[in-house]
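*Asks:* Can you read through this structure? Questions will come right after.
The values are calculated or read from the model by the stated rules, or taken from the named source; none is laboratory data. All figures in this text were calculated on a predicted structure; none of them were measured in a lab. Cβ coordinates were reconstructed from backbone atoms using ideal geometry, including for glycine residues, and neighbour counts include every protein chain displayed.
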Amino acid sequence: MRPKMMLRQPEIEARGNKKAAIEEAKGKKKAAVLEAEGDAQAIQLRAEAEASEIKVVNSALRNHFKGEAQEHKKLETVEKSLRNGSKYIVDAEQDITTVLSEVGGITPLGDQDFEEPDEELDLGIGDKLKEATEKIGSGKEE
């Protein structure tokens, strides 16, 4: 009887090793599937968070980004652009402030945009300037 058991021992051991290898492969497969599902969920959550962020930003821009806020952002953009060393080719005939305004998306105001005042403002500056000029010319100081 002993010789029969000895013949069966390697066979039993081989079957046990085979079963262990199968179980190990099943475990690795299950771990890989769980990891992939976790990655997919993480990607989905990130996408949903980014979509939510875009909705919030768009809503805020639509409701609050008007007038001065837009002009401020344009000026910030020009400032950052110039600070980062952006280069612009400027026609020598063109005014630099006009070029910078165009870069920032700002429409420069022309003379037609200003209304003439209803009454003449007299601040007395002309008289004071005349007095100062006369004192300088005569060398007097008070």
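*Asks:* Which one of these does residue 105 not meet: (1) surrounded by fewer than 11 Cβ atoms within 10 Å (Cβ to Cβ); (2) modelled with pLDDT under 65?
*Replies:* Among (1) surrounded by fewer than 11 Cβ atoms within 10 Å (Cβ to Cβ); (2) modelled with pLDDT under 65, the lone unmet condition for residue 105 is (1).
*Asks:* Name the single residue, out of those in segment 125-142 being modelled with pLDDT under 70 and acidic (Asp, Glu), that is surrounded by the most Cβ atoms within 10 Å (Cβ to Cβ).
*Replies:* Out of the qualifying residues, it is 141.
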